[in-house]
1. Cα centroid distance between segment 53-67 and segment 31-47, in Å?
2. Does the chain classify as rounded, prolate or oblate by the C-alpha gyration tensor (a ≥ b ≥ c root eigenvalues; a/c under 1.5 gives rounded; else a/b over b/c gives prolate, otherwise oblate)?
3. Specify the residue with the greatest mean-square fluctuation among 25, 37, 58, computed from a Gaussian network of the chain linking alpha-carbon atoms under 10 Å apart.
4. For helix 18-31, what angle does its Cα long axis make with the longest principal axis of the chain, in degrees from 0 to 90 and rounded to 10?
5. Could you tell me how many degrees, from 0 to 90 and to the nearest 10, lie between the Cα long axis of helix 70-82 and the main elongation axis, the longest principal axis, of the Cα atoms of the chain?
6. Identify the chymotrypsin sites (Phe, Trp or Tyr not before Pro) of segment 35-83 meeting these criteria: DSSP loop state and at most 13 other C-beta atoms within 10 Å of the C-beta.
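Taken together, the values in this text are just the output of simple stated rules run on the coordinates, not laboratory data. Because the structure is a prediction, the values reported are computed rather than measured. Note that we place each Cβ from the backbone using ideal geometry, even for glycine, and neighbour counts take in every protein chain shown.
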Amino acid sequence: MLVYIGIDDTDSPRGMCTTYVAARALRAAEGEGARAADHPWLVRLNPNCPYKTRGNAAVCLPLEVERSGFDRVWEAVLGVVRE
C-alpha cells in the first residue's frame with residue numbers, strides 16, 4: 001500500500017534538522033521492508049502562518065509498504081523522530 005509520512009518540527013539544539021531526521025527515517029523504514037515510492041518531498045509551508053516552524057518546510061516520505069509490515073515501519077520511523 002502507498003503511505004505518505006509527513007515529518008516537521010524536529011529541529012534540535014544538537015543539530016538535527018527535519019531533512020536529516022527524514023533521511024534517517026527513510027533508512028529505518030527501508031530496513032523494515034518499506035520501499036521509497038518517490039524521492040522525499042520538500043513541502044514548503046505557508047509563510048504567513050503565525051505558528052510556522054523555524055525552517056518553514058516539512059518533508060513527506062512516499063513509501064510503498066506491505067500491509068502486514070506497516071506497524072514495524074511506523075515504529076521504526078517514530079523511533080527516529082523520538083531520538
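1. Spelled out, the Cα-based centre of one part sits 4 Å from the other.
2. Prolate.
3. Looking only at 25, 37, 58, the biggest GNM fluctuation is shown by 37.
4. 0
5. 30
6. Sparse-neighbourhood loop chymotrypsin sites (Phe, Trp or Tyr not before Pro): 51.
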